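Beneath this line is the structure, given in structure tokens, with notes to follow.
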Amino acid sequence: DLEPFYGQAEGEIGVSGDSDQTLGSPRSTGYPMPAIPQTFLDKAYARALAGTQYEVRATPQGRNSVDRDDRPACCGNASCIPICPIQAKYDATIHLTKAEQLGAKLWTQTVVDRVLVDPSSGRVSGLSYLKYDDPRKPGASASDVVTAKVYILAAHAIETPKILLNSRTD
């Protein structure tokens, strides 16, 4: 049921990979870009493994193998950890920039602490947030509520349940 959404996400992120259906799970779509070429070390391992039951294969990854979406192809000669210096590797700043260009506002030093629910409709009515003006001082400097047409809670595996538990209502 979820597989088509993986293809959509891979298209947004820009995933390079070998779309050969015999390499793993069946796919409804191929990867958006061809696999990243083997490195010198990959080729050395491939030669060492020749004639055995093992082979070196490309791992699908969110890194451009060709110029795509205003980002260059991986040059393969820089450190991509923690952030790719030429932005061939996907990271969240790519979609943050796109969202800001469409009018989204990014609030720094601000955290959602509760999801507010309208008791009569049972629908989300707002997000309570805390603002920290000076990270060296304990405690929030302000709190308020923000409302929107659509709410997306994507605060990772620890913060999302914490926010939801803080939001518990009758």
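The values are calculated or read from the model by the stated rules, or taken from the named source; none is laboratory data. Keep in mind the model is a prediction, meaning the values are calculated, not measured. Here Cβ is always computed from backbone atoms with ideal geometry, including for glycine, and neighbour counts include all displayed protein chains. For accessibility, only protein heavy atoms count, side chains too; no ligands or nucleic acids. Shrake-Rupley method; radii C 1.70, N 1.55, O 1.52, S 1.80 Å.
Numerical summary
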quantity	calculated
Whole-Å semi-axes of the range 1-62's equivalent ellipsoid (Cα gyration tensor)	26, 14, 7
Cysteines in the chain lacking a second Cys C-beta under 4.7 Å	74, 75
Surface share of carbon and sulfur [accessible, 1.4 angstrom probe, percent] for the range 79-161	61 percent
By average C-beta atoms within 10 angstrom, highest first, the peptides 130-137, 83-90	83-90, 130-137
Compactness index (Cα Rg / 2.2 N^0.38 Å), the chain	1.42
Amide hydrogen neighbours beyond the local backbone of residue 114, cut-off 5 Å, H modeled	128
The chain, relative contact order [Cα under 8 Å, separation at least 6], %	13 percent
Percent antiparallel among DSSP beta bridges (both partners in the chain, rounded to 5)	95 percent
Cα-based radius of gyration of the range 80-170 once divided by 2.2 N^0.38 Å, which approximates compact folds	1.31
Relative contact order computed over the range 24-70 (Cα-Cα under 8 Å; 6+ residues apart), in percent	49 percent
For residue 63, distant residues with modelled amide H under 5 Å away	16, 90
In sequence order, calculated HN-Hα J values of the range 31-42 (Karplus, 6.51, -1.76, 1.60; Hz; x Gly/Pro)	5, x, 9, x, 4, 5, x, 5, 7, 4, 5, 4
Accessible surface, the range 7-48, averaged per residue in Å² (probe 1.4 Å)	64 Å²
Hz values of 3J(HN,Hα) by residue in the range 92-101 - Karplus curve (6.51, -1.76, 1.60), Gly and Pro given as x	5, 4, 5, 7, 4, 4, 4, 5, 5, 5
Relative contact order, percent, the range 4-98 [alpha-carbon distance under 8 Å, six or more residues apart]	26 percent
Probe 1.4 Å, accessible area per residue of the range 90-170, Å²	79 Å²
